[in-house]
Amino acid sequence: ITLTGPDQRIPGWINAVTGWDTTHQELLKTGERIANLRMAFQVREGDNPAQRRVPGRLIGNPPLEEGPHAGVSLDAETLQREFLAACDWDQQTCKPSRAKLEELGLQDVADALYK
């Protein structure tokens, strides 16, 4: 599922192909489970996305001088901090919280990550 398409129509497409009766909310929850499972795997394997640095040009440092994004710069640290908080992931390690994993039905992942 992509963020670029008409997402309200996607459940209908999936239901037509699979015979399921899924909803938009169920697909969003599935995506959230996938994101948390991916992050739990990365953390378990020693990867720490919080330590990655975005090249300055991607965040407007220096800002473009022309075009629709002229003069625009992004505060990557604030964006990262707010994203991690919204996901309920640790600010330093990106580790999903036990509560979030359990809420998503990923008890076995929570147990493995918090042993």
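The values are calculated or read from the model by the stated rules, or taken from the named source; none is laboratory data. Everything numeric here is computed off the predicted structure, so don't read it as measured data. Cβ coordinates were reconstructed from backbone atoms using ideal geometry, including for glycine residues, and neighbour counts include every protein chain displayed.
Out of LYS115, LYS95, report the one residue that is of a type in the set (D, E, K, R), without any contact (Cβ under 8 Å) to a residue 60 or more places away in the chain and loosely packed, with under 14 Cβ neighbours inside 10 Å.
Numbers: LYS95 fails: loosely packed, with under 14 Cβ neighbours inside 10 Å.
It is LYS115.
Please go through the stretch 39-55 and give me each residue that is surrounded by fewer than 12 Cβ atoms within 10 Å (Cβ to Cβ) and in a helix (DSSP H, G or I), ordered by number. First the steps, then the outcome.
Step one: list which residues in the stretch 39-55 are surrounded by fewer than 12 Cβ atoms within 10 Å (Cβ to Cβ), which gives 45-46, 51-53, 55.
Answer for the stretch 39-55, where residues must be surrounded by fewer than 12 Cβ atoms within 10 Å (Cβ to Cβ) and in a helix (DSSP H, G or I): just GLN51.
Name the pairs: first residue in the stretch 13-40 and within 25 Å of CYS94 (Cβ to Cβ) and without any contact (Cβ under 8 Å) to a residue 60 or more places away in the chain, second residue outside any helix (DSSP H, G or I) and among the β-branched types (Val, Ile, Thr), Cβ to Cβ under 8 Å, at least 6 apart or on different chains?
Filtered contacts from the stretch 13-40: LEU27/ILE1; GLY31/ILE1.
Taking the conditions exactly as written (charged (D, E, K, R) and under 22 Å from GLU102 (Cα atoms)), does ARG53 satisfy them or not? Even if it seems obvious, please write down each step before you answer.
Values: charged (D, E, K, R): yes; under 22 Å from GLU102 (Cα atoms): no.
The answer is no for ARG53.
Looking only at the stretch 76-93, which residues are in a helix (DSSP H, G or I) and not basic (Lys, Arg)? Don't jump to the end; show me each part of the working.
Going through the stretch 76-93, the residues in a helix (DSSP H, G or I) turn out to be 76-87.
Once the filter is applied, which keeps residues that are in a helix (DSSP H, G or I) and not basic (Lys, Arg), the stretch 76-93 yields ALA76, GLU77, THR78, LEU79, GLN80, GLU82, PHE83, LEU84, ALA85, ALA86, CYS87.
Do you know which of the residues in the stretch 71-89 that are loosely packed, with under 15 Cβ neighbours inside 10 Å and more than 13 Å from the chain's Cα centre (by Cα) is farthest from ASP47 (Cα to Cα)?
Only one residue tops the list, namely GLY71.
For the stretch 1-53: of the residues being of a type in the set (Asp, Glu) and modelled with pLDDT of 95 or more, which is nearest to LEU113 (Cα to Cα)? Reasoning before the result, please.
We begin by selecting, within the stretch 1-53, every residue of a type in the set (Asp, Glu); these are 7, 21, 26, 32, 45, 47.
With the extra rule that they be modelled with pLDDT of 95 or more, the set shrinks to 21, 32, 45, 47.
Values: ASP21: 33, GLU32: 17, GLU45: 10, ASP47: 13 Å.
Result: GLU45.
Here is a list of conditions, (1) loosely packed, with under 10 Cβ neighbours inside 10 Å; (2) of a type outside the set (A, V, I, L, M); (3) in a helix (DSSP H, G or I), and PRO68 meets all of them except one; can you say which number that is?
(3)
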